[in-house]
Every structure is written in C-alpha cells, then in structure tokens.
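Participant: Sharing a structure here in structure tokens format.
Derivation of every value follows stated rules applied to the coordinates shown; laboratory data play no part. Please read these numbers as outputs of a predicted model, since none were measured by experiment. Here Cβ is always computed from backbone atoms with ideal geometry, including for glycine, and neighbour counts include all displayed protein chains.
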Amino acid sequence: MGSFIASAGAGPAPATSLAGHVLTPAGFLRGTVRWAGGRIAAVEGTPIDEDSVRGDVLTPVVLPGFVDLHVHGGGGADTMDAADAVSRIARLHARHGTTGLLATTMTAPMGDIEAALRALAPLCAQRGAGQARVLGVHLEGPYISPDRLGAQPAFARPAALDEVLALHALAPIRLVTLAPEWAGHLALIPALVEAGMRVQIGHSGATYEQALQALEAGASGFTHLFNAMSGLHHRAPGATGAALAHAMHAEIIPDLLHVHPGALRVALRAVPGLFCVTDATAAAGMPDGDYRLGRQTVTKCLGGVRLADGTLAGSTLTMDQALRNLVTLGLSLAEASSRTSTHAARYLGLADRGRIATGAWADLVVLGADGLALRQVVVEGESIFPEADPA
C-alpha cells in the first residue's frame, strides 16, 4: 500500500485523504485518514500492531504532525529579527514535519522584545501558505537568572505583572520561562496562569525547595530540562531534582548534544508528560557558518551551535530528526510520536492538535517505515512537500 493525496469530489471544500499505517490514539490502523476544511473528517482501517508496521517497509507511516514549543529560528532567520523572519522559520520547520510551534524570544532589551512580538501578532492570527501554525509565543527571557544565562544575552531582569500583560497584549504569550528564585516571582506565577499562560522553570539556579514552591504556585513545566538549571546532587537536588521528582511535564532537547542519552532515559522514566523541543536557531536547515541568535553571533559546526566560548547556543535540530533519535534510543514509534507531538499539544490544552482523530486539525506527517525518512507533511489540510523551495 502506498500513500496518496487525492481529491474526493467537487465543491468549495473538497475532501482529501491519505492512506498508510495511521497512528490513532487507540493505536495503529492500516487504513485511511480523510479531511475536509482543514479538519479530519474520518479515520478508517484495520488495527495493526507496531511490529507489523515497522516490518512492512512498503507502506508509509502516518503520524500526527510535530508540535514544537521552543523555536528560536531556522532557515537563516531568528525570531528576534522581526519583519518576515517568523514566516521563514515557520516554513523551514513545516518542511521537517512541524505543524505547530511557539515562536520563542531571547533575553533582550524590552524594545527588542516588543518589536518581535508586534511582528509576530499577525502570524499568530493567520497561518501563511506552506508554513507551520504559529500557536503563540514562548517568552524565554528576560525573566531568568543572570547566573544561569546559558546562551542568553545579559539582559535578565525581574518580572512585573503589568509588563508581562502588556507584552501579552502585543501577541499571545502561551508560555513563560522564569527563574522562581527572583524576589516576587513566586507571587507572580498564579496571576500569569490566570491570564492563560503556562509557566516553566528555566535558566534558574533555584534550590529544590524553591522549584517545588514554584510548582505549588502553579508553574507546570521546566524549560530544556537539565540545561541552564541547578543540577541534581544527592544532598542538593536543585531544580533538576524537583523536575524528576515532581514534574508532570518538561521540555527536553533530544539532539544528543544537549543531554546525554543516559540522562534522556532518566527523564523519560521520571516525567510522564516529557515532550521534545528543538530549541532551534537560525542555523537549523542551513550550512555551517555564523548566524544571529538575538543580539549574539553563534557558529554552526560539527552538528551543533555554539558561542565563541564554546557554550551550546540552541541547536540545529528539527523534529523529524528528534523522532528518529528517540527511536534510536529504543522508544516505540508510538511513544516517540507522543513525545514529539501529543504531549506538547496537551500541555498547551490543544485537544485538536497532536492526534489523528475525527474533528482534530489535519496536521499529519508521512514517513517511510524503513529509516523514518520524511515523505509528506500536511498542515491544516494543506499538503507541503519537504523538497519545496523554502524561500
């Protein structure tokens, strides 16, 4: 059985369909998913187990489109560039199977952040052709610890509710990363949650106790687990220990550079809703060389992105490679799909993304069963081919 995209009748919103081994919430079907008006109209077929799916190299695998909640750039463009940068970013990542993403800011002077959000607002309201859906903003800075900047520029500052809400009025902020050890941040968390934002602990030197207090106040996740946060020691568990002991959700970067495979396995066992992010920079999808990350210059070489001092500075990862990396570590294809789509969608409260079910958006990726190479991407019913011109 081969994949196909076919018209199924005339009219203003013709149905379309795609066949293969389709991953549904109940498991794989050998069958067909049909959509109309951008949403799935029906999923039909015969149940099949994953061993049979992986053993049948002639039939493509159809998974939910990837959902990436931490994207700084791609295709040579950076979110902080404003103008049409995020359109280029959303197009690059769509060509690698990401159907929904959060455009992620850098720590910067407030004027830079405001300019980036103003440019983002129309893209959050209307998806461009050939692009991933921009689901909103991940505000990764500036409310982080100056002692845990990672690759963030030195513009960290404590948060104020009025300031965050003013930014939220410019473009929808879905997720805020903050360091809970800043004075006033614990008290701020419930108000941010009430305003509809998820709060993540990140770029933080918080003690275990401070991180636990943040979770109790309403924080619900951790930004790029293990990276730029206080580490786990048996007498000082830090923010990392709080995440492994208590978190239902956390991001992780599975490029196999940011986190050792052994630590990835620990997180997969400890955090039920662990989901993958790319933390991709402008260098994603580009040749080796120098690129911008906010106000800083970063260099892509040897598969990674670094500052001049060698500090890892985001990644070149795309979500199709993230899925393949998880499978290489021994995860089933169904679990790897959950970690690259379903868990992130659920974390944002999006019941109609990250799953192949009637009524959900027709966000789909088609992979070859042998090697999991990307063959096809469908975003809200629009067919996107990976080899399409990104310009």
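Participant: Could you calculate the contour length gain from ALA263 to GLU216, that is, 0.36 nm times the residue separation minus the distance between their Cα atoms, to one decimal place in nm?
Facilitator: 14.4 nm
Participant: Hey, could you pull the Cα Rg and Dmax for the range 235-313, both in Å?
Facilitator: In order Rg, Dmax, the Cα atoms of the range 235-313 give 14.9, 44 Å.
Participant: Just from its helices, what would the mean residue ellipticity at 222 nm be for the chain, if runs of 4 or more DSSP H residues each count -39500 (n - 2.57) and the sum is divided by every residue, rounded to the nearest 500 deg cm²/dmol?
Facilitator: After summing the helix terms and dividing by the residues of the chain, the value is -7500 deg cm²/dmol.
Participant: Fewest Cβ neighbours within 10 Å first, please rank PHE28, PHE222 accordingly.
Facilitator: Ascending number of Cβ neighbours within 10 Å: PHE28, PHE222.
Participant: State the volume of the convex hull built on the alpha-carbon positions of the range 148-287, expressed per residue in Å³ and rounded to an integer.
Facilitator: Output value, Cα hull per residue: 124 Å³.
Participant: In addition: Mean Kyte-Doolittle of at least -1.0 plus a Cα span of 15 Å or more along the axis: flag which DSSP H helices in the chain meet both, please.
Facilitator: Working: long enough: 110-125 (23 Å, 0.99).
Once both thresholds are applied, what remains is 110-125.
Participant: Just name one of ALA336, GLY141, VAL86: the one whose Cα is farthest towards the positive end of the charge dipole of the range 66-347 (beta-carbon charges, Lys/Arg +1, Asp/Glu -1).
Facilitator: ALA336
Participant: Using Cβ counts within 10 Å as a stand-in for footprinting exposure, how do GLU194, GLU163, GLU251 rank, fewest first?
Facilitator: In order of increasing Cβ crowding within 10 Å: GLU194, GLU163, GLU251.
Participant: What percent does the relative contact order of the chain come to when contacts are Cα pairs within less than 8 Å and at least six residues apart?
Facilitator: Details: 1010 pairs, mean separation 80.6, N = 391.
Worked out over the chain, it gives 21 percent.
Participant: Could I ask something else about it? Highest mean first, what order results for 110-117, 95-102 on Cβ atoms within 10 Å?
Facilitator: 95-102, 110-117
Participant: Same structure, new question: Based on the Cβ-Cβ distance of ALA187 and ALA245, what FRET efficiency does E = 1/(1 + (r/R0)^6) give at R0 = 25 Å, to the nearest 0.05? Working shown, then result.
Facilitator: Numbers: r = 24 Å, r/R0 = 0.94.
The computed FRET efficiency comes out at 0.60.
Participant: Now for a different question. Please report, in whole Å, how far the alpha carbons of the range 107-174 spread along each principal axis, starting with the longest.
Facilitator: Rounded to whole Å, the extents work out to 41, 26, 18 Å.
Participant: Follow-up question, since we're still on this one. Each label point is 7 Å from the Cα along the Cα-to-Cβ direction; what then is the distance between the points at GLU335 and ASP147, in nm?
Facilitator: 3.6 nm
Participant: For GLN376, what residues show an amide H to amide H distance below 5 Å, using hydrogens built from the backbone and excluding near sequence neighbours?
Facilitator: Under 5 Å from the amide H of GLN376 lie the amide H atoms of VAL366, each far enough along the sequence or on another chain.
Participant: List ARG346, ARG39, ARG88 from most exposed to least, where exposure is judged by having the fewest other Cβ atoms within 10 Å.
Facilitator: Least to most surrounded, the residues fall as ARG39, ARG346, ARG88.
Participant: A follow-up question, please. Would you compute, for the Cα atoms of the range 10-154, the largest minus smallest coordinate along each principal axis and list the three values in descending order, in whole Å?
Facilitator: Its Cα atoms span 55, 40, 24 Å along the three principal axes.
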